[in-house]
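**Q** So that we are looking at the same thing, I have put the structure below in structure tokens.
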Amino acid sequence: MNTRLTKFLAVAALLTGSQYALAAGDDFEGTARDAWITGKVETAYTLNRHLNPFTIDTDVTDGVVVLNGKVDTEIERDLAVEIARGIDGVVNVTDNLEIEPGSKAASSAAINDGKRDFGTWFDDATTTASVKSRLVANENVKGLEIDVDTNNDKVTLSGRVGTEEERQLAEQLAQNVTDVHEVVNHLVVDPE
């Protein structure tokens, strides 16, 4: 099976699985336990902003994690190793990661072409949810009527608002969310 697809499915299963399944790692044995550890390590890489989970392959056998792939710097290599060591059930970590400056640049080029890796997509989805929550929570903005899209930390607001003040407030609320680098305000003032 394609490594990227395998990683995506493991992450998706962990993100959507019940808390019981995540907490029940001690009940797993053999290959099931190794798969559980693999999922936890890869989820940790996916949620870490400094690592590209699609350039690191994770294999686990009897609790020993073997890391293969490429990272940009020694710091990223050390980070990947330390994250794996910190996962419950990991007995040892074998580091076969190669340092290849620019390995992230290749994925950045794909992002700039309109394609985002899972980590970037996840970050953007989190930002969208944060902006939307702030808009809905503010009683001076009709947050449910505002569409929020995020792409590489650039938030685009669209829809209709009642006043210019509401339009500006919505933009400021979005701008104040952590990790938002730019807000494009396409909101249209329509007093109804």
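The values are calculated or read from the model by the stated rules, or taken from the named source; none is laboratory data. None of the values given here were measured: they were computed from a predicted structure. Neighbour counts are summed over all protein chains in view; Cβ atoms, including those assigned to glycine, are modelled from backbone coordinates with ideal geometry.
**Q** Check THR126, THR120 and return the single one that is modelled with pLDDT of 70 or more and surrounded by 17 or more Cβ atoms within 10 Å (Cβ to Cβ).
**A** THR120
**Q** When the residues of segment 129-150 are narrowed to those that are surrounded by fewer than 16 Cβ atoms within 10 Å (Cβ to Cβ) and at pLDDT 85 or above, which ends up nearest to THR43 (Cα to Cα)?
**A** Within segment 129-150, the match that is nearest to THR43 (Cα to Cα) is ASP149.
**Q** Kindly provide the set of residues from segment 59-86 that are under 18 Å from the mean Cα position of the chain (by Cα) and closer than 25 Å to ALA32 by Cβ, ordered by number.
**A** ALA80, ILE83, ALA84 - these are the residues of segment 59-86 that are under 18 Å from the mean Cα position of the chain (by Cα) and closer than 25 Å to ALA32 by Cβ.
**Q** Which of the numbered conditions does GLU182 fail, given that it passes all the others? Conditions: (1) over 28 Å from the mean Cα position of the chain (by Cα); (2) within 30 Å of ALA44 (Cβ to Cβ).
**A** Single failed check for GLU182: (1).
**Q** For segment 53-67, how many residues meet the condition of being in contact (Cβ under 8 Å) with a residue 24 or more places away in the chain and in a strand (DSSP E or B)?
**A** Of the residues in that region, 9 qualify.
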